[in-house]
Amino acid sequence: MNKILKMVGKIVEPGDLYGFYKAVYNGTPCGPSIGFRVNGEWLYCSELPSQLSDEDVVDGVSVSSIVEGWDGEIEGVKFDLEVFQEEDFWKMVGEINEEAGEIWVLVNSDWFLIEKDGQPVAGAHWEEWDDNITWDTVVSVSEEEKNLIEEELRKRHHIDKRGVVTDPLDLGPMEIGGFVVKTYDPSATLFL
């Protein structure tokens, strides 16, 4: 049994490549795509066999990821059997998970620019999946003012009976306690 199949065998039956993929996918917050080169052909995710025959040759493993809400793919790495080291594989799983998590927050959050007297004073983003507003950059906003802004944003955000989300700034910038709150593109140059 080669070292790739030995790694698989630590988690599931050595020939259950699909089971290995599902275990890694379900055990990692951003669920990486796992591929194996079987008989010279790269197979990924649901294409992977649950059982190998004695004639099957597994001589490569890869890890990469797609991110929901983003059109790109995180290029991972393909390990050939000759250079494969289990610790390198797990390190890459961790790095890809971290990168996918950062991109997921970037593309699946609402991003706010808070201005006072026409000057940016704070930036925040709303992670709607857990109803968390994170203050990314704060120049001059007190805790009391932050609480007021968060309360108003939550009041104006709701999900109707059909599951349709109304974002607080769908109708444009809003004034809250002397601040103007706008949406912004976090991939643009940072404002502060």
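The values are calculated or read from the model by the stated rules, or taken from the named source; none is laboratory data. Here the structure is a predicted model, which is why all the values come from computation and not from measurement. Positions of Cβ are generated from backbone atoms using ideal geometry, with glycine treated the same way; all protein chains shown enter the neighbour counts.
Can you spot a residue in the stretch 97-110 that is surrounded by 15 or more Cβ atoms within 10 Å (Cβ to Cβ) and acidic (D, E)?
Yes: the stretch 97-110 contains one or more residues that are surrounded by 15 or more Cβ atoms within 10 Å (Cβ to Cβ) and acidic (D, E).
Mind checking whether some residue in the stretch 116-128 is at negative phi, modelled with pLDDT under 85 and among the β-branched types (V, I, T)?
No, that holds for no residue.
Would the stretch 89-101 turn up any residue that is at pLDDT below 95, more than 20 Å from the chain's Cα centre (by Cα) and outside the structural domain of W126 (by TED's automatic domain parsing)?
No, that holds for no residue.
Identify all residues within the stretch 140-154 that are over 10 Å from A122 (Cα atoms) and part of a helix (DSSP H, G or I); write none if there are none. Can you show your working first?
Filtering the stretch 140-154 for residues over 10 Å from A122 (Cα atoms) gives 142-145, 147-154.
Listed by number, the residues that qualify are E143, E144, E145, N147, L148, I149, E150, E151, E152, L153, R154.
Identify the residue in the stretch 7-17 that is part of a helix (DSSP H, G or I) and either in contact with a helix residue (DSSP H, G or I) (Cβ under 6 Å, 6 or more places away or on another chain) or not assigned by TED's automatic domain parsing to the domain that holds E55 (or both) and, among all such residues, is surrounded by the fewest Cβ atoms within 10 Å (Cβ to Cβ).
M7
Listed here are the residues, each with its yes/no results for (1) buried (at least 16 other Cβ atoms within 10 Å of the Cβ); (2) farther than 17 Å from M7 by Cβ; (3) not hydroxyl-bearing (S, T, Y).
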position: G19; (1), (2), (3): yes, no, yes
position: Y25; (1), (2), (3): no, no, no
position: F36; (1), (2), (3): yes, no, yes
position: N39; (1), (2), (3): no, yes, yes
position: W42; (1), (2), (3): no, yes, yes
position: D54; (1), (2), (3): no, yes, yes
position: D59; (1), (2), (3): yes, no, yes
position: S62; (1), (2), (3): yes, no, no
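Please verify whether E75 is of a type in the set (D, E) and either assigned to a strand (DSSP E or B) or touching a helix residue (DSSP H, G or I) at 6+ places or on another chain (Cβ under 6 Å) (or both), treating the condition exactly as stated.
yes
Please go through the stretch 62-72 and give me each residue that is in contact with a Phe, Trp or Tyr (Cβ under 9 Å, 6 or more places away or on another chain), on the phi < 0 side of the Ramachandran plot and assigned to a loop (DSSP other than H, G, I, E, B), ordered by number.
Across the stretch 62-72, the qualifying residues are V67, E68, W70.
If you scan the stretch 81-110, which residues turn out to be acidic (D, E), under 19 Å from P14 (Cα atoms) and in contact (Cβ under 8 Å) with a residue 40 or more places away in the chain?
Of everything in the stretch 81-110, just one residue is acidic (D, E), under 19 Å from P14 (Cα atoms) and in contact (Cβ under 8 Å) with a residue 40 or more places away in the chain, namely E86.
Evaluate the stretch 62-76: report whether one residue or more is in contact with a Lys or Arg (Cβ under 8 Å, 6 or more places away or on another chain) and within 22 Å of N26 (Cα to Cα).
yes
Would you point out the residue of the stretch 64-84, among those that are among the hydrophobic types (A, V, I, L, M, F, W, C) and within 14 Å of the chain's Cα centre (by Cα), that is surrounded by the fewest Cβ atoms within 10 Å (Cβ to Cβ)?
W70
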